[in-house]
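First up is the structure itself, then whatever we jot down about it.
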Amino acid sequence: MIELEGVRKSFDGKEVLAGVSARIERGEIFAVIGPSGSGKSTLLRLIDLLDTPTGGAIRINGVDIHANREESHRVQRMMGMVFQKPAVFNTTVAENIAVGLRFRGIKEAAIKAKVEEALAVVGLAGYEERRARTLSGGEMQRVALARAMVIEPEILLMDEPTANLDPVSVEKIEELVVRINRDLGTTIVFSTHDMYQGQRLAHLIGVLMNGRFAQVGTPREVFTHPASREVARFVGIENIIDGVVVASNGTCAVDAGGVRIRTRSPLTPEELVSLCIRSEDLRVTPAGEATTAPGKNTLPGIVTSIVPRGPFSRVTVDCGITLSSILSWKVVDNLGIREGSHVAVSFAEESVHVVRRG
Amino acid sequence: MYEIIEGFLEALRLIITLDPDVMAISLRSIIVSFTATIFASLIAVPLGGVIYFGSFPGKKSLINLIQTLYSLPTVIVGLLIFLLLSRVGPFGFLRLLFTPTAMIIAQTVLILPIMIGLTISALSGVDPIIRDTLRSLGATRFQLLANTMKEAKFAILAAVALGFGRAISEVGAAILVGGNIMASSFSSSTRVLTTAISLETSMGNISQSIALGIVLLAIALVVNFVITTVQHR
């Protein structure tokens, strides 16, 4: 189990991590997601004892790993790490994978068997005698994974392991991550700037922003209930509207530049908030056919753009505030809407996720 | 002009017929410089590793000093070793002056800086991610050093080859501490390629000089070939 407590790290006076705290349980897959330069690599390097924090503590199974040198080396040998840039030693594939075992004084016969087994797991059986430098990036990264895995670490750290790989290799690595975690119970901490990868693989996601975890939660929590405006933006919520809470007829409403939006969240009047509405939750209907219903927000507006996005279209409507909806091509055709069409945009009160600003 | 051409043809004859004098001098040159390179490697490679991985005050200055000593004049090294080994010097009792051993010592000292320096450069050339990977795999300090050296082995080999090239082509130290002696026995003679060329030329034995020059050049070519082959691995 890994405990991060107020972890700080500065490089030449520039603070990269400004107090990171989280708890990662044994056997969990934890994703650190965040924009480039948010300190994801730094955090993993601190956990792997490759750098020393400038403040706070990292505890593994209750032991402060940076506290004393003797302990550090023992703890380091419980962990394996895969780096973003696929890096292999200039020797054969088998020798690459054997390095960690040799460091631990394992017998030759056992090394051979373990290397073979690891290669089979990562799908590179028969590659033993190949020169590692001649492999493709994806293959090298799988060698790196096998090399980290063969030492049977309790904790596997992966720093953007798929950032430089082609889609097929990404899929293979992701599959391996899930398998290693499921079959061996290895605790896995990986970083990614791909929020969907975090969603696919992780049990828990930590959103690292401005040197801190802006939110730690299950993928569902992070994607549907982002903790702040920044997190909402990062996890791809398209409609983020700033407003002020007003009390209206006993229920809660938010005034966004003259447009009133009702929500289910309990709010105090005069509070500054941002409303997050997922574009999939918006319905667009031609102006005449709109019906108002209790528990529903219905806003009239004019279509300003229809932009194709994969098999969908992104329909942007000006309702005084700008709202974007994702509709299939067919729906757009059936509705008969074009740029300039008068429509109504409707969404349920519970589709509005409210976060405080400032 | 005619004399030069004649000298050149004679030189080829000396090499093709394996002239005993030319062969003995060439062989001695190789033995002396090769031995010096071995000793220098045994000192320079581990020392370079320790300097690279160590953290101590004055590390930068030390590396600067080592790099400055790359161009240490050979006669200065010769003079220094001469003074140390001469009758009145602190090691005069060893009676090593004007022996091949003295030449080996001088050449070892001469090429140490460049070999230490290039070993450090070779290690600096290893991708930092390799170092991180080794540490993350649980390497001890020694395992880290040994495995990083393994990654840099070709660059280190090139450093060794360069050291050998400098040793075999220098003349200042060899003539000062060796004395360019042609004695009756092979092992007590100190005439090597460079000192012989210098002597033969001054005596007007152009063909002998050219023959020795060709051999020296050939050795340098082989060394260069080894370096380039190795660096493209």
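The values are calculated or read from the model by the stated rules, or taken from the named source; none is laboratory data. Just so it is clear, the structure is predicted and the values come from calculations on it, not from any experiment. Backbone-built Cβ (ideal geometry, glycine too); neighbour counts: all protein chains shown.
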All but one of (1) among the hydrophobic types (A, V, I, L, M, F, W, C); (2) assigned to a loop (DSSP other than H, G, I, E, B); (3) touching a Ser or Thr at 6+ places or on another chain (Cβ under 9 Å) hold for A:LEU124; which doesn't?
-> (3)
May I ask you to verify whether A:ASN181 is surrounded by fewer than 22 Cβ atoms within 10 Å (Cβ to Cβ), within 22 Å of the chain's Cα centre (by Cα), touching a residue at least 24 places away in the same chain (Cβ under 8 Å) and within 14 Å of another protein chain (Cβ to nearest Cβ)?
-> no
Flagged in the range A:285-330 as hydrophobic (A, V, I, L, M, F, W, C), under 31 Å from the mean Cα position of the chain (by Cα) and more than 16 Å from A:VAL259 (Cβ to Cβ), in numbering order, are A:ILE306, A:VAL307, A:PHE312, A:VAL315, A:ILE326, A:LEU327, A:TRP329
Would you be able to say whether some residue in the range A:133-150 is surrounded by 18 or more Cβ atoms within 10 Å (Cβ to Cβ), in contact with a Gly (Cβ under 9 Å, 6 or more places away or on another chain) and not in a helix (DSSP H, G or I)?
-> yes
Going through the range A:48-75 in order, the residues found to be of a type in the set (A, V, I, L, M) and under 18 Å from A:GLU15 (Cβ atoms) are A:ALA57, A:ILE58
The condition from (1) assigned to a loop (DSSP other than H, G, I, E, B); (2) more than 14 Å from chain B (Cβ to nearest Cβ) that A:ALA87 misses is numbered (2)
Evaluation of A:LEU165 against (1) more than 14 Å from every other protein chain (Cβ to nearest Cβ); (2) at pLDDT 95 or above (one fails), failing number = (2)
If you go through A:GLU70, A:GLU116, A:GLU129, A:GLU108, the only one that is surrounded by fewer than 20 Cβ atoms within 10 Å (Cβ to Cβ), acidic (Asp, Glu), over 20 Å from B:THR133 (Cβ atoms) and in contact (Cβ under 8 Å) with a residue 24 or more places away in the chain is A:GLU129
Has the range B:57-70 got any residue that is hydrophobic (A, V, I, L, M, F, W, C), farther than 27 Å from B:VAL223 by Cα and out of contact with any His (no Cβ under 8 Å at 6 or more places or on another chain)?
-> yes
Residue match in the range A:38-46 (condition: in a loop (DSSP other than H, G, I, E, B), in contact with an Asp or Glu (Cβ under 8 Å, 6 or more places away or on another chain) and crowded, with 19+ Cβ neighbours inside 10 Å) = no
Of the residues in the range A:93-141, those that are within 13 Å of chain B (Cβ to nearest Cβ) and not hydrophobic (A, V, I, L, M, F, W, C) come to A:GLU95, A:ASN96, A:GLY100, A:ARG102, A:ARG104, A:GLY105, A:ARG131, A:ARG133, A:THR134, A:GLN141
What do you reckon, is A:ILE241 in the same structural domain as A:SER36 (by TED's automatic domain parsing) and among the aliphatic types (A, V, I, L, M)?
-> no
If you go through the range B:177-188 one residue at a time, do you hit one that is part of a helix (DSSP H, G or I), in contact (Cβ under 8 Å) with a residue 40 or more places away in the chain and crowded, with 20+ Cβ neighbours inside 10 Å?
-> yes
Residue tally, condition surrounded by 23 or more Cβ atoms within 10 Å (Cβ to Cβ) and touching a strand residue (DSSP E or B) at 6+ places or on another chain (Cβ under 8 Å), over the range A:78-92 = 5
Return a yes/no flag: does the range B:122-129 have any residue that is farther than 30 Å from B:ILE181 by Cβ, within 14 Å of chain A (Cβ to nearest Cβ), in contact with a Phe, Trp or Tyr (Cβ under 7 Å, 6 or more places away or on another chain) and without any contact (Cβ under 8 Å) to a residue 60 or more places away in the chain.
-> yes
Among A:ILE337, A:ILE306, A:ILE277, A:ILE321, which is over 21 Å from A:ARG233 (Cβ atoms), surrounded by 11 or more Cβ atoms within 10 Å (Cβ to Cβ) and at pLDDT 90 or above?
-> A:ILE306
Those residues of the range A:62-83 which are part of a loop (DSSP other than H, G, I, E, B) and either under 19 Å from A:VAL20 (Cβ atoms) or within 9 Å of chain B (Cβ to nearest Cβ) (or both) amount to A:GLY62, A:ILE65, A:HIS66, A:ALA67, A:ARG77, A:MET78, A:PHE83
For the range A:125-141, the count of residues that are in contact with a helix residue (DSSP H, G or I) (Cβ under 7 Å, 6 or more places away or on another chain) and basic (Lys, Arg) equals 1
Find the helices (runs of 4 or more DSSP H) located wholly in the range B:1-102 whose residues include 1 or more that are closer than 30 Å to B:LYS150 by Cα and modelled with pLDDT under 95, and list them.
-> B:20-53, B:59-68
Do we have any residue at all in the range A:125-144 that's touching a Pro at 6+ places or on another chain (Cβ under 7 Å) and either of a type in the set (A, V, I, L, M) or not assigned by TED's automatic domain parsing to the domain that holds A:GLY34 (or both)?
-> yes
Hey, any hits in the range A:22-45 for a residue that's within 14 Å of chain B (Cβ to nearest Cβ) and of a type outside the set (S, T, N, Q)?
-> yes
From the residues in the range B:140-154 that are more than 9 Å from chain A (Cβ to nearest Cβ) and within 29 Å of the chain's Cα centre (by Cα), which one is surrounded by the fewest Cβ atoms within 10 Å (Cβ to Cβ)?
-> B:PHE142
All but one of (1) at negative phi; (2) touching a residue at least 24 places away in the same chain (Cβ under 8 Å) hold for A:GLY236, so report the exception by its number.
-> (1)
Could you pull out the residue among B:LEU162, B:LEU137 that is buried (at least 19 other Cβ atoms within 10 Å of the Cβ), within 14 Å of chain A (Cβ to nearest Cβ) and of a type in the set (A, V, I, L, M)?
-> B:LEU137
